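The values are calculated or read from the model by the stated rules, or taken from the named source; none is laboratory data. Small disclaimer: the values here were computed from a predicted structure and weren't measured. Here Cβ is always computed from backbone atoms with ideal geometry, including for glycine, and neighbour counts include all displayed protein chains.
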Amino acid sequence: MKKLTDIVKDMTGEVVCFGVKDEAIMNLLQRNKNTNAFLINREPRKSIFTRRKKVKIDGQKKGKKMNMKKIRKTFKKKSVDYILCDFNEIYDYFKYFIYDSTVINKGKLYLYGKSKYIDANRIGKRFERFHGEVTVSITGEDFLIIVDNHNSKGNWLKAKWYIIIDSFHNLGDMISAALIS
């Protein structure tokens with residue numbers, strides 16, 4: 001992810017990182033004096049029967065734990081300049097994350113991950129619904145989606161409708177995968 005490290009070097013302002021575990025990116029964020037980075041990572045499971053609902057915020061709000069679905073209450077409307085996100089960490093809450101990221105972000109969103117089983121173009125189209133400019137780049141198994149949220153608009157009723165539609169699409173994909181296998 002050479003391209004992503006070049007992007008991180010040029011960042012200024014508030015940066016929220018969801019599930020970023022790459023040491024090169026973390027070192028660049030810590031060394032950059034112009035950024036104020038919030039690192040949001042999932043807590044490890046206590047047993048196999050419990051779900052990981054809480055995440056931990058490192059940065060100014062040290063040790064604070066929050067529910068992943070309540071990102072908008074922690075970060076106010078259009079208060080974050082950049083969002084870095086690992087798709088594998090945010091996958092469970094992705095249908096909520098699309099709307100939340102357009103509400104709290106006033107700059108750009110960088111979503112990266114492995115594209116072996118994921119359709120990156122379909123993810124990009126989900127962000128385009130909220131009038132964000134989307135650029136999808138796929139190199140080998142890795143993908144990088146850049147969403148420019150300067151002109152994005154969030155409507156909660158529209159977001160609820162899209163959550164329902166996406167749930168039915170995901171259900172159809174699971175049924176077709178089960179029938180094929």
Only one residue in Lys95, Lys158 is more than 14 Å from the chain's Cα centre (by Cα) and either on the phi < 0 side of the Ramachandran plot or modelled with pLDDT of 85 or more (or both). Which one? Lys158
For strands (runs of 3 or more DSSP E) lying entirely in the stretch 1-70, having 3 or more residues that are hydrophobic (A, V, I, L, M, F, W, C) and modelled with pLDDT of 85 or more picks out 13-18
Enumerate the pairs (first residue in the stretch 81-93 and in contact (Cβ under 8 Å) with a residue 12 or more places away in the chain; second residue anywhere and charged (D, E, K, R)) with beta-carbon separation below 6 Å, excluding pairs fewer than 6 apart on the same chain, so at least 6 apart or on different chains. Asp81/Glu14; Tyr82/Lys108
For the stretch 98-119, what are the residues that are of a type in the set (A, V, I, L, M) and modelled with pLDDT of 85 or more? Ile98, Val103, Ile104, Leu109, Leu111
